[in-house]
Amino acid sequence: MQTKDAIDTLLVESRRFPPPPEVAKNANAQPGVYEEAQSDPVGWWASWARKLEWMKPFTQTLEWNEPFAKWFADGELNASVNALDRHVRAGKGTRVAYYYEGEPGDRWSITYQQLLDDVSRFANALRKLGVKKGDRVAIYMGMIPELPVAMLACARIGAAHSVIFGGFSPDSILDRVNDSQCVALVTADGAWRRGNKVPLKANCDSAISKGMPSLKHVIVAKRTDQHVHMEPGRDHWWHELVAAEPTTCEPERMNAEDLLYLLYTSGTTARPKGIKHTTGGYLTGVTATHKLVFDYKDDDVYWCAADIGWVTGHSYIVYGPLCNGATSVIYEGTPDYPDKDRLWSIVERYKVSILYTAPTAIRAFMKWGPEYVRKHDLRSLRILGSVGEPINPEAWIWYYEHIGGSRCPVVDTWWQTETGAIMITPLPGVTTLKPGSATKPFPAIFADVVNDAGESVALGGGGYCVIKQPWPSMLRGIWGDDDRYVQTYWSKFQHLYLAGDGVKRDEEGDFWFMGRIDDVMNVSGHRISTTEVESALVDHPSVAEAAVCGKLDEITGQAIVAFVSLKGGDPGTNDLAEELRDHVATKLGRFTRPKYLTFTPELPKTRSGKIMRRLLRDIAEGRMLGDTTTLADSGVVEELRSRAITEAAKED
Ligand code: WTA
């Protein structure tokens, strides 16, 4: 028998939203775009690439040496010139690039001309410190304008940036800087978060003290005005460095396939992977998708409310919108500070017309209630976007009705750090929307659903999401580890890119994403590997063994559940449980703190000694247990189940 919730979900899922006629009529993407792209995909991408400004035009398009792609490989260009100079040269220097709103309420706007000046000055400063083409520069900052400035300055002088999300811990900074041997680290004294100061520079100091042989310089922007240690010779204040620098800086000529940036992401092992993105193809992908998926037009005010520390911010706060000459909003803080209507006050103030956010935020807004939304005039909105995790149909409808006033198409966009740009998505003027479905592959993207044998599954079936043809913004590999690249994405199936997501495709060919198929959890849209959290737990002196899995969560999508056995058969205490959660937060970053932690004398294992994760997931979810006959000791499970339930009850 179906529960009422399940029936409600079915009713909601079966609703259809054809494009509103006024959106359809003027949309950048018209229905013919799919056929046009399909008839000559590489040519179609090349036509987008030609909209960029090339210092040396490309004559080659795709070179596919599976699984290594090169796009537009004989062309030369500079990302910062495409983001800034060409708009200024076209007379758009006074146009606002970013409306900036700090968490404490400070606001200003930055024009394209000002952004170009700031980028040039910082680029000159980096060059003076000896940073050069081919180097890597780590950036660990909050959401302040210096963050995109630092990224674009790196791009200008041909150094690859490696942005480390400001929520990461010192250990995470250390691993990332050392993995790619960064020569400089750009940070800030602190960041504002719910009225508190996050000690960014102190976190860097603590990471550096553990040994960063490649690091020569630390550049510190002033944000929170808190006291920080400045190491003579190594540490420099941003404002002092740029003070005497001119506002012109010769951009480096970059090959289309030169590295633009690295961005580390969790995989199934404890070691994060440095995903490589290059210049020409990446800019092509983000420019095309930003223009078509969000239907971006010159009079729009666009706001991607993500953090630049994740790929969504790289592609859709920095490179995509700037390449399209867009006016965007950057907001520093959290949606509930000082109150739960902060986002809506921003939409109202800047007359935001396109808003891009995550399901986890939407579910929080739902929980807080529509009264916070109703305080503000949101009639400027015309397009809404969602990213980061599957959006449940109820949240989709709530977003559509309460934020979009039942007027704005909701584009649920599926993609990954690895794909660089949006891959499966509605186009607002073309697609009939279904709440909960990311609908169809973007033009010139060839996605499929396959079974275990790698065979395409008939419509109506489910399986693995794969991509069948290379695309311009695809990752070019993993920093320093080609084998891992091949192993992770190209070994399960021949000639197919394995995304790592489970998906169902309905009778009409629309995709419904089901979550990860590997040991990667998705908490509030952040990818976290179970192994990383397990290693952090085992690193604590009291812990003998740990197993971690995700559990469905009403707000965050998934929540982290940890099962821990202590050394010497210690039964554990609440205080120790707290300490262990904090330990994980300190080791990895606050967003990885397990929500549930259960002590157990033993973890359920097969007779060959493998931890039975599926069983732990069942226990965490409170499901009926499947087959336990392979268990070494079936008593463990009953014991665990009763404990997990007690723990969960305590948490709620
Ligand atoms: C998940 C974020 C369902 C998915 C851009 C993917 C989604 C992982 C969606 C990538 C969506 C992202 N529907 N699932 N619209 N968007 N995901 O690298 O599991 O941080 O593999 O990139 O997020 O996360 P990443």
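The values are calculated or read from the model by the stated rules, or taken from the named source; none is laboratory data. Nothing here was measured: the structure is a model prediction, and the numbers come from that model. We place every Cβ from the backbone using ideal geometry, glycine too, and count neighbours over all the protein chains shown.
Sort through Ile330, Ile362, Ile317, Ile308 and tell me the only one that's among the hydrophobic types (A, V, I, L, M, F, W, C) and away from the ligand (no atom under 14 Å from the Cβ). It would help to see each step written out before you state the result.
Details: Ile362 fails: away from the ligand (no atom under 14 Å from the Cβ); Ile317 fails: away from the ligand (no atom under 14 Å from the Cβ); Ile308 fails: away from the ligand (no atom under 14 Å from the Cβ).
Of the residues listed, the single one that is among the hydrophobic types (A, V, I, L, M, F, W, C) and away from the ligand (no atom under 14 Å from the Cβ) is Ile330.
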- Message: All but one of (1) modelled with pLDDT of 95 or more; (2) out of contact with any Phe, Trp or Tyr (no Cβ under 6 Å at 6 or more places or on another chain); (3) within 15 Å of the ligand (Cβ to nearest atom); (4) among the aliphatic types (A, V, I, L, M) hold for Met521; state the number of the condition that does not hold.
- Response: (1)
- Query: Of the residues that sit in the stretch 412-446 and are of a type in the set (A, V, I, L, M, F, W, C) and over 21 Å from Leu283 (Cα atoms), which one is surrounded by the fewest Cβ atoms within 10 Å (Cβ to Cβ)?
  - Reply: Leu433
- Please verify whether the stretch 352-364 includes one or more residues that are in the same structural domain as Phe294 (by TED's automatic domain parsing), surrounded by fewer than 21 Cβ atoms within 10 Å (Cβ to Cβ), of a type outside the set (A, V, I, L, M) and under 23 Å from the mean Cα position of the chain (by Cα). no
- Task: Please note which strands (runs of 3 or more DSSP E) are completely contained in the stretch 230-331 and include at least 1 residues that are in the same structural domain as Lys128 (by TED's automatic domain parsing) and crowded, with 23+ Cβ neighbours inside 10 Å.
- Result: 259-265, 273-278, 301-304, 327-331
- Query: Can you find even one residue in the stretch 559-570 that is among the basic types (Lys, Arg), more than 16 Å from the ligand (Cβ to nearest atom) and on the phi < 0 side of the Ramachandran plot?
  - Reply: yes
- Item | the stretch 525-554, residues that are within 16 Å of the ligand (Cβ to nearest atom) and among the aliphatic types (A, V, I, L, M) | Ile528, Leu552
- Message: Just the residues that are in contact with a Ser or Thr (Cβ under 9 Å, 6 or more places away or on another chain) and more than 13 Å from the ligand (Cβ to nearest atom), please, taken from the stretch 385-402.
- Response: Glu394, Tyr400
- Could you name every one of the strands (runs of 3 or more DSSP E) located completely within the stretch 55-102 that has at least 2 residues being more than 30 Å from Gln494 (Cβ to Cβ)? 96-101
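Given the structure, is Pro370 within 16 Å of the ligand (Cβ to nearest atom) and touching a residue at least 24 places away in the same chain (Cβ under 8 Å)? Spell out the reasoning first.
Values: within 16 Å of the ligand (Cβ to nearest atom): no; touching a residue at least 24 places away in the same chain (Cβ under 8 Å): yes.
In short, no.
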- Among the candidates Glu35, Glu53, which residue alone is acidic (Asp, Glu), closer than 25 Å to Lys297 by Cα, in the same structural domain as Lys434 (by TED's automatic domain parsing) and surrounded by 12 or more Cβ atoms within 10 Å (Cβ to Cβ)? Glu53
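Residue under question is Arg86, and the condition is that it be surrounded by fewer than 21 Cβ atoms within 10 Å (Cβ to Cβ), closer than 30 Å to Trp471 by Cα and at pLDDT 95 or above; does it hold?
On the way: surrounded by fewer than 21 Cβ atoms within 10 Å (Cβ to Cβ): yes; closer than 30 Å to Trp471 by Cα: yes; at pLDDT 95 or above: yes.
The answer is yes for Arg86.
Hey, any hits in the stretch 171-192 for a residue that's hydrophobic (A, V, I, L, M, F, W, C), in a loop (DSSP other than H, G, I, E, B), touching a helix residue (DSSP H, G or I) at 6+ places or on another chain (Cβ under 6 Å) and within 16 Å of Ala585 (Cα to Cα)?
So in the stretch 171-192, the residues hydrophobic (A, V, I, L, M, F, W, C) come out as 173-174, 177, 182-186, 188, 191-192.
Filter once more, keeping what is in a loop (DSSP other than H, G, I, E, B): 182-183.
Okay, now just the ones that are also touching a helix residue (DSSP H, G or I) at 6+ places or on another chain (Cβ under 6 Å), so none.
No - not one qualifying residue is present in the stretch 171-192.
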- Does Arg516 satisfy the condition of being within 26 Å of Ala306 (Cβ to Cβ) and at pLDDT 95 or above? no
- Item | Residues of the stretch 279-309 classified as of a type in the set (A, V, I, L, M, F, W, C), over 19 Å from Ala256 (Cβ atoms) and touching a Lys or Arg at 6+ places or on another chain (Cβ under 9 Å), total | 1
